[in-house]
Amino acid sequence: MIGVSDVKQHMQGKPKPEMPGSWILPGVNPLSAEYMRPENTQSPQPEFKGNMLPVYVPMTAKDKIHGDKPVHNAELLTRNEYLNAQLTEDTRDANIASAYKTYFLAWVCLGLTIATYFIHPYVAAVFAYLSGHYWAWKELGVSWGREWYKGKMLIYTS
Amino acid sequence: MAETTIQMSSVMADMKRPFLKVTNRWEYLDRYLPWWKGYIRYRLYAIVFAAIGVGTIFSVPPLGVLCLAASTYYYQIHIHRKERIESKRTVIIGH
């Protein structure tokens, strides 16, 4: 059971969002959150707070974001659509698939840097540049494709 | 004026486990990463075994036959992994 104290604890110390709406825990209607009883004394339930993630709830349905895009607090997808968006082979997408790919390319370029150094240092410099380039994209892929999504909610049918 | 038919579509299910589960986006993706890697790996196995089988079917027939059998075996496994990833099951992502 999510109580008011949980919501207040979650909101504590966070800046006020610029968008119209409120950041609140899932399962709590923002319009009725302040009228909720602090504790469920009638039928106490075990508290499991492992999956409490913030969800953006727009207060009005007519707001637009990024131009003409309507504001939605949740998006309905199939597993195919969701996984395809994360596992595309484009290295510029900064997702987990590009992290795997650029990790491999960075090590290949590092090997080529060492191998071509004995041919000419200028040739080695090109591969050294590419090695750092791919390593940076690997870091970006891990950041956006793994760490960022650890704080984003997903509901699935079991 | 068009007629409207109201039809019962609810299903009562005595299910012990919850119907909807909440997780985060990375954990859900992490569950299917092994299936995705398996899809890539078995697709590669199927192609390699097919190439070896075609190359050796006339020179070394026993090896060629075995490799072509292995190729179809891994091809079917790769189809299974692919269908698991490309499922139409619904997910809801929150912003």
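The values are calculated or read from the model by the stated rules, or taken from the named source; none is laboratory data. Quick caveat, the model's predicted, so the values are computed rather than measured. Heads up, the Cβs are rebuilt from the backbone with ideal geometry, glycines too, and the neighbour counts pull from every protein chain shown. To get the accessible areas, we keep the full protein, side chains included, count just its heavy atoms, and leave off ligands, DNA and RNA. Shrake-Rupley method; radii C 1.70, N 1.55, O 1.52, S 1.80 Å.
Among the residues of segment A:71-84, those identified as open to solvent by 60 Å² or more (accessible area, probe 1.4 Å) and either without any contact (Cβ under 8 Å) to a residue 12 or more places away in the chain or more than 27 Å from A:I155 (Cβ to Cβ) (or both) are A:E75, A:L76, A:E81, A:N84. Return yes when A:L83 is farther than 25 Å from B:V91 by Cα and not polar (S, T, N, Q) and no when it is not. So A:L83 fails the test.
Looking at the structure I just gave you, is B:A51 away from chain A (no Cβ under 11 Å), at pLDDT below 95 and over 15 Å from the mean Cα position of the chain (by Cα)? Show your work before the answer.
On the way: away from chain A (no Cβ under 11 Å): yes; at pLDDT below 95: no; over 15 Å from the mean Cα position of the chain (by Cα): yes.
Taking the combined requirement at face value, the residue does not satisfy it.
The condition (being at pLDDT 90 or above, assigned to a loop (DSSP other than H, G, I, E, B) and within 14 Å of chain A (Cβ to nearest Cβ)) is satisfied by just one residue among B:K88, B:K82: B:K88.
Has segment B:58-67 got at least one residue that is within 30 Å of A:I155 (Cβ to Cβ) and either open to solvent by 70 Å² or more (accessible area, probe 1.4 Å) or modelled with pLDDT under 95 (or both)? Lay out the reasoning, then the answer.
Taking segment B:58-67 first, the residues within 30 Å of A:I155 (Cβ to Cβ) are none.
No: zero hits.
Screening segment A:57-158 for helices (runs of 4 or more DSSP H) wholly inside it with 2 or more residues that are within 12 Å of chain B (Cβ to nearest Cβ) returns the ranges A:79-86, A:96-117.
Kindly list, by first and then second residue, each pair from a residue in segment A:89-107 that is aromatic (F, W, Y) to a residue that is part of a helix (DSSP H, G or I) and open to solvent by 10 Å² or more (accessible area, probe 1.4 Å), limited to pairs with Cβ atoms under 7 Å and residues at least 6 apart or on different chains. As it stands, the answer is A:Y103/A:K138, since those pairs meet every condition given. Please work out if A:T41 is modelled with pLDDT under 90, over 29 Å from A:K150 (Cβ atoms) and touching a Pro at 6+ places or on another chain (Cβ under 7 Å). When the stated conditions are applied, A:T41 does not pass them.
For (1) small (G, A, S); (2) at pLDDT 90 or above; (3) under 30 Å from B:K21 (Cβ atoms), each residue gets a yes or a no:
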| position | (1), (2), (3) |
| --- | --- |
| A:I65 | no, no, yes |
| A:E81 | no, yes, yes |
| A:A94 | yes, no, yes |
| A:A99 | yes, yes, yes |
| A:V123 | no, yes, no |
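Restricting attention to segment A:133-158, the residues that are open to solvent by 40 Å² or more (accessible area, probe 1.4 Å) and over 11 Å from the mean Cα position of the chain (by Cα) total 7.
Of the numbered criteria (1) at pLDDT below 95; (2) over 30 Å from A:R146 (Cβ atoms), the one B:N24 fails is (2).
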